Each structure stands twice: as C-alpha cells, then as structure tokens.
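Have a look at the structure below before the remarks.
FYI, it's all coordinate maths here, none of it is from the lab. Because the structure is predicted, anything quoted here is derived from the model rather than measured. In this analysis, Cβ positions are derived from the backbone assuming ideal geometry, glycine residues included, and neighbour counts consider all displayed protein chains.
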Amino acid sequence: MGTPHPTPIATLLVVADVGVRGLLESVLLERGHNLSVAQSGKKASKAIESHDFQLVVLGWPGPKSAALDLSQRVRRGHRHE
C-alpha cells in the first residue's frame, strides 16, 4: 500500500524538453495534478495568457529556448509578448 499523495495543485504548465516533459507528465498526473503541456516558450506564453496557472515548470536551456524571457514576463506580470 503506497503513501497517500497530498491534495493536488489545481493547474500546472510544463514546458521542457521531450524527455523531462514525459517524466514530469507521468509523475504529476499520477499524483492527481491538472496538467497542461506546451512544447515551446511561445506556446507557453499563449497558454499563460488564457489560463491562471499556479505553477509553471520551465526547461532550461534548450533549442529555441525562451525560458528566460518567459520567466521574466511572468514575474513582471506581463502576459503578452
């Protein structure tokens, strides 16, 4: 019998490379989290514009990585490019 998991976070956005993203998806979904996935910083930016995520997980660095720019915009509260 496994250890009970804590109450899940309402909504998470994961932006990372394929390997890390797949691992995070399986672990987070198994624990009951509501999960959205974006394959790029640009797609993540659009998702952030239309959803209120409690947590955004960004991969760092990567090809076409916009993680730094995206994280700075999120911290400033600017949701538009």
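Brief remarks on what is shown
- Theoretical gain in end-to-end length, residue 68 to residue 36 [0.36 nm per residue, Cα-Cα removed]: 9.6 nm
- Spin-label pair residue 18/residue 75, simplified geometry with 7 Å Cα→Cβ offset, distance in nm: 3.1
- Taking amide H as placed 1.01 Å from N in the peptide plane, residue 58 has its amide H under 5 Å from the amide H of 15, each at least 5 places away in sequence or on another chain.
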